[in-house]
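Report on the following structure.
The values are calculated or read from the model by the stated rules, or taken from the named source; none is laboratory data. Just so we're clear, the structure is a prediction, and the values are computed from it rather than from any experiment. A quick note on method: Cβ atoms are made from the backbone with ideal geometry, for glycine too, and the neighbour counts reach across all protein chains shown. Side chains are part of the model used for accessible areas, which takes the heavy atoms of the whole protein and leaves out ligands, DNA and RNA. Shrake-Rupley method; radii C 1.70, N 1.55, O 1.52, S 1.80 Å.
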Amino acid sequence: MNQANELKDTLNLPQTNFPMRANAVEREPERLKHWEEIELYDLVQKKNASGDTFVLHDGPPFTNGDVHVGTALNKTLKDSILRYKAARGYRTPYIPGWDCHGLPIEHKVTKKLRKEKADLDALSVRKSCAEFSASFIETQRSQFKRLGVLADWSREYRTMHPSYEAEILRTFASFVDQGLVYRSKKPVYWSIPCRTALAEAEIEYQDHVSPSVFVRFKIIDEDHESYVVIWTTTPWTLPANLAIAVHPREHYIEIKHGGKSYWVAEKLADSLIDTLDLAGATKGARKAGSDLCHWKTQHPFIDRLSPILTAEYVTMESGTGCVHIAPGHGLDDYLTGKEHGLDVYCPLSDSGCYEDDGMIPSELVGVSVLEKATGCPANDEVIRILESTSSLLAKQSHHHQYPHCWRSKTPVVFRAMDQWFVALDKDELRSRCIDAIEDVSFTPDWGRNRIRGFLESRPDWCISRQRSWGVPIPVFYDEEGEPLLSTELINFLANRIEKEGTDAWFSLSEEELLKGFDLPSEWKGKTLTKGTDTLDVWIDSGCSHRSVLKNLDDLVWPADLYLEGSDQHRGWFQSSLWTGMIAYDHAPYKRILTHGFVVDGDGRKISKSDGKPQTADSYIKKYGADVLRLWVCSEDFRRDIPLSDEILGQVVRSYRTLRNTLKFQLGTLHDFDPNNHLVPVEDLDLIDRWALFKTAELIEDVTRAFDAYEIHKAVQLINRFCSGVLSSTYHDVIKDRLYTLHAGDPKRRSSQTAIYLIFDSLVRLLGPLTPFTADEGWSFLQSGESFSTDPLLLQSWPQAHPSWLDSEIVADAEIILKLKESHINESLENLRSEKKIGQSLDAEVEIRFPSTETIAEVLSRRSLDLAEFFIVSSVVLIADDNEPKITVSAKHASGIRCPRSWRWVPQLVSVEPWGEVSPRCADVLSRNS
RNA sequence: GGGCUCAUAGCUCAGUUGGUUAGAGCACCGUGUUGAUAACGCGGGGGUCGGUGGUUCGAGUCCACCUGGGCCCA
């Protein structure tokens, strides 16, 4: 071994077992296991038992697949905020939940059962759905845990649990009790062969050829024959026509031909003259749609008037600009009809045949609207009638995409059916909701505006679904179809379902269900039939505040925070608000925080077809949880959140920087025992006080960022601190003293004290962001081991002692460092590019300054510290009033280089057995021996 | 088509009530070090703030319109 190597062994170089590489994929699960073993969640709750309560109420993810990366983002934000709040001393009970019911699961399960040719009755489907949901709860729970989500998994809620279902029914009972629930017709997709209502997701669009007909409606009270011309591709809906819609701001024009007038949209007039074969037609009067709307027309073959209305959705792309309205056969028609007080008229039976209601022409009664290979009988018959009444102006074939039933593959029809609704305007409910929103805090603040828009515009809430996988609407019907809906009965059934689950509704007979309930006298003796509808699943999740917050003693209502994606303004935030207002006349939350959606590197939505992984697990398996979490926390989640390989690569690099910073600091503390070596802050060296000052600023800034839910700012602040304050400045300056001074030198202990305090703060700040790495660093600080029995999460949020924040004390350091940045580095760099020096210790610096210069005093006072700040061998100060301002010149240091400290000194001294070193090193070496 | 919303260097983000040559970290290029080395230091290039027009002595920062993206509807 040569002399240099031997001398190197006399230095106090960093030593630590803290691994440079996280190896997160393998090592994070070990930490999770450790946390579970020590029951970390419970320990945290116990520690903060007497603290103020902060309840973040979990929005339940849907249990139909692996955890999506967007869901991981949501849960990460929740976990980070809770970890922060816990560190601040809040009691943070967190009950995770699962949304179990709903069509996507029922659809998937039904598909599977059909393939297996298994039973498709409600109970069988429900059983399979429950199993399906339960299995994904298991999957998702383990994936959330892997992400580091800390929660009370033993008390998780699931919307399919009997006790939860009972609360759904009690919520429904409160609706009924307040007289909000009513029955009305609404059009739904209907599959005639399957005799069932279909949801959007059960619709398949297929190419289809429909007859397209142009039909004239005679305008009444006109002195000559005038007509409005409509166009439709579903002639069979004409018997249910109740109105004609025009666009209020488009213009309509009178086409004169053969002594008759035909009103159509001006923009379509020319093509219609052609289509309707009105050769020689002339154009007459012109009116805005809004001017037509008081007109009344005569239905072509039914004794009924069809008034003209206006509707915004009328387009000028095809047809006549005059739209046939049948409120029982289309959603737009239905809404327009509602707006204008029309009936939801639908003369169709379950089997898709016209019913004899006294209005339907006799030749149509019993005719089926179902399309078969041979055509559609109803269309044919209606067209025949139109021809016979001379109402048909033209007939063509129209190729388009038309909705088909996923099971029978036949075209579906829109058909109005009895549904249950919640009246939202009764007792000022809607305006009370809108008022309640004013008392809720929103992040970002436009959230209030957005939810208000939904509250104002939504029609009455249709809460019935013709599905099996959900909570049944507990209603009975008599022989006439009159419903028995009573608060007492619903509450009675809720108690029963709490014990037996909602399957009881499907498996028990009416008699068994009603056993023990005292029916109102007018219902006694009637034959009752239970309903088959289920409740809209938004009621399920919408009463979680009731089922969870109200029912668990240690939680509070309303919640302090709801935190979900911005799509929930329309969804969960809204449904929870309605149920909260109806049952308790108060919003169930104090604050709503929303995040955007994960998009790709180009800002476009991520879709399965891109082939890029979308599950959280696929990222965790590659990067580990901390990197994924750091990505989440680096992004401004209020807008769209981009995710790409490039972005993750950047996160990985900043993670490595963090990790390396921790590793270096731990290394410098290898011989530091805080119990014996800690130096009082007041006695710390200037540079160390400066570093503590910057740390105190960091703590303040990061705390402010967390309190404002601007987590990405916290990450940016920490990144900048690690590179700007620590790596390039503080660590760089103190390396010399840490390495070369005697282990117990006061200057060295001073810096170690600061590093110890900084590390302690830094690791606490990182706790909510990268909990695995932060806990690992904390353990190493405590014990030099990977795991500690006193984990980081049980520590408080860092707090700078007031003594750290003495800006007067550190003012000198700020001035010196500024000079280094503005003058010293530049002259050293010049010297380096001239190949005169390599490392900065090879240089000496001369500073000339006029005594009037403001920093003259500082430089003089700190003359002995300057070489260390600048990391050069020596600094010469020359007060020179001939200089107009400060000038810095650097040159190669004179003297001889100490092989131990690498500083250039006037002369070396000899120390056995190491040979010649600088006097300072000689002193250290002799004290070591 | 409608409601809400977003748009600053290659990437992630700062830019306070409109005011001097628009900032940071990362990346990139050059370079030093080899005693933080699958590290670290120093130096440098790079944006006119999505576009157009307006208000103003002056706009990334206010207004209008347009383009593109997102969420929710239709």
Zone of A:L508 (label point 7 Å along Cα→Cβ, backbone N under 14 Å): which residues in the range A:164-196?
A:166
As a test of understanding, state the convex hull volume per residue of the range A:111-222 from its alpha carbons, in Å³.
301 Å³
Compute the accessible area per residue over chain A, keeping the other protein chains in place, probe 1.4 Å, unit Å².
43 Å²
For a Förster distance of 56 Å, can you work out the FRET efficiency between the beta-carbons of A:D518 and A:K590, rounded to the nearest 0.05?
0.85
Enumerate the amide H contacts of A:S464 below 5 Å, restricted to partners 5 or more residues apart or on another chain; note that Pro and chain-start residues carry no placed amide H.
A:W420, A:D536
Using the basic label-point model (7 angstrom from Cα toward the beta carbon), what is the A:E387 to A:K372 distance in nanometres?
2.0 nm
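Give the percent of DSSP beta bridges with both residues in chain A that are antiparallel, rounded to the nearest 5. Don't skip to the end; give the middle numbers.
Working: 78 of 107 bridges.
Here the antiparallel bridges make up roughly 75 percent for chain A.
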Can you tell me how much longer the chain between A:V209 and A:D277 gets when fully stretched, taken as 0.36 nm per residue apart minus their C-alpha distance, in nm with one decimal?
22.2 nm
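Over the residues of the range A:1-152, compute the C-alpha Rg and express it relative to 2.2 N^0.38 Å.
1.60
Can you tally the net charge around A:P642? Count Lys and Arg as +1, Asp and Glu as -1, for every other residue whose Cβ sits under 12 Å from the Cβ of A:P642. Could the numbers behind the result be given before it?
On the way: positive: A:R604, A:K605, A:R639; negative: A:D600, A:D602, A:E635, A:D636, A:D640, A:D645, A:E646.
So the environment of A:P642 carries a net charge of -4.
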Take the Cα atoms of the range A:845-920, find their three principal axes, and give me the spread along each one in whole Å, biggest first.
50, 21, 15
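So what's the net charge close to A:A122: Lys and Arg +1, Asp and Glu -1, counting the other residues with Cβ under 11 Å from its Cβ?
Working: positive: A:R126, A:K127, A:R467; negative: A:E106, A:D119, A:D121, A:D503.
Here the charged neighbours net out to -1.
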So what is the diffusion coefficient of the range A:624-703 in µm² per second by Stokes-Einstein at 25 °C and 0.890 mPa s, using a Kirkwood Rh over Cα pairs?
156 µm²/s
Treating only the Cα positions of the range A:369-507 as identical point scatterers, give the base-10 log of I(q)/I(0) from the Debye formula at each q in 0.15, 0.17, 0.18, 0.22 Å⁻¹.
-1.04, -1.09, -1.12, -1.31
Equivalent ellipsoid semi-axes - Cα gyration tensor, the range A:1-80, angstrom
44, 21, 12
Between A:V911 and residues 5 or more places away or on another chain, which pairs have amide H atoms under 5 Å apart, with H built 1.01 Å from N, and which residues are they?
A:E916, A:V917
Surrounding net charge for A:D790, when Lys and Arg each add one and Asp and Glu each subtract one, Cβ distance under 11 Å
0
Descending principal axes extents, the range A:601-736, alpha-carbon based, whole Å:
63, 31, 25
Between A:A743 and A:S833, what length comes free when the chain is fully extended (0.36 nm per residue of separation minus the Cα-Cα distance, one decimal in nm)?
28.8 nm
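Considering only protein heavy atoms and a probe of 1.4 Å, how much of the accessible area of chain A is carbon and sulfur, as a whole percent?
Working: 18830 of 39670 Å².
For chain A, the apolar C and S fraction of the accessible surface comes to 47 percent.
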Compactness relative to 2.2 N^0.38 Å, alpha carbon Rg of the range A:561-658
1.35
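What is the percent of Cα-Cα separations in chain A that go past 58 Å? Please list the in-between numbers first.
Details: 141738 of 431056 pairs.
The proportion of pairs with Cα distances above 58 Å equals 33 percent.
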Provide the FRET efficiency to the nearest 0.05 for the A:E814-A:S644 pair, computing r from the beta carbons and using R0 = 41 Å.
0.55
Using only Cα atoms and rounding to the nearest 10 degrees, what angle (0 to 90) does helix A:746-766 make with the longest principal axis of chain A?
10 degrees
Interchain or sequence-distant (5+) residues whose placed amide H lies within less than 5 Å of the amide H of A:H398 are A:S210, A:S212
Overall dimensions of the range A:480-600 by Cα: Rg and Dmax, Å
18.7, 64
Give, as ranges by residue number, the residues of the range A:158-188 whose backbone N falls under 19 Å from the point 7 Å along Cα→Cβ of A:K108.
A:158-161
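Taking the mean number of other Cβ atoms within 10 Å as a proxy for protection, how do you rank A:815-827, A:560-572, A:99-111 from highest to lowest?
Numbers: A:815-827: 17.2, A:560-572: 19.8, A:99-111: 22.0.
Ranked by mean Cβ neighbours within 10 Å, highest first: A:99-111, A:560-572, A:815-827.
Assuming a viscosity of 1.567 mPa s and a temperature of 4 °C, what translational diffusion coefficient in µm² per second does Stokes-Einstein assign to the range A:169-316, Rh being the Kirkwood radius over Cα pairs?
Values: Rh = 18.3 Å.
Approximately 71 µm²/s, per Stokes-Einstein.
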Can you compute the modelled spin-label distance between A:L552 and A:R432, with each label point 7 Å from Cα toward Cβ, in nm?
2.8 nm
Would you mind checking the radius of gyration and Dmax of the range A:767-861 based on alpha-carbon positions, in Å?
21.7, 59
Using only Cα atoms, find the angle between the long axis of helix A:24-37 and the longest principal axis of chain A, and express it within 0 to 90 degrees, rounded to the nearest 10.
80 degrees
Listed residues A:L514, A:T579, A:S894: farthest to the positive end of the dipole of chain A (Cβ charges):
A:S894
Normalised contact order of the range A:127-229, rounded percent, pairs of Cα under 8 Å and 6 or more residues apart:
9 percent
In degrees, nearest 10, the alpha-carbon axis of helix A:645-668 is tilted away from the dominant principal axis of the alpha carbons of chain A by 30 degrees
What is the calculated FRET efficiency for A:S851 to A:S783, with r their C-beta to C-beta distance and R₀ = 45 Å, to the nearest 0.05?
0.25
If I model a spin label at A:R458 and A:R604 as a point 7 Å from the Cα along the Cα→Cβ vector, what separation in nanometres do I get?
3.2 nm
On a C-alpha basis, how far is the centre of the range A:711-780 from the centre of the range A:522-553 in Å? Whole number, if you could?
56 Å
Place a label point 7 angstrom from the Cα of A:L331 along the Cα-to-Cβ direction, then list the residues of the range A:546-585 whose backbone nitrogen is under 16 Å away.
A:570-571
Quick one: how many lysine pairs in the range A:1-135 have C-alpha atoms under 24 angstrom apart, if they're 8 or more apart or on different chains?
18
Let me have the relative contact order for chain A, percent, based on Cα pairs under 8 Å that are six or more residues apart.
15 percent
In terms of the alpha carbon gyration tensor, root eigenvalues a ≥ b ≥ c, rounded if a/c is under 1.5 and otherwise prolate when a/b exceeds b/c or oblate, the range A:689-795 is oblate
Ranked packing of A:442-455, A:765-778, most packed first, by mean Cβ within 10 Å:
A:765-778, A:442-455
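For a protection proxy built on the mean count of beta-carbon atoms within 10 angstrom, sort A:677-683, A:707-713 highest first, please. Show your work: numbers first, answer last.
Values: A:677-683: 14.0, A:707-713: 16.9.
Most protected by this proxy first, the peptides run A:707-713, A:677-683.
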If the chain between A:D425 and A:D119 were fully stretched, how many nm would it gain, using 0.36 nm times the residue separation less the Cα-Cα distance?
105.9 nm
Round to the nearest 10 and report in Å² the accessible area of A:T10, as given by a 1.4 Å probe over the protein chains' heavy atoms.
20 Å²
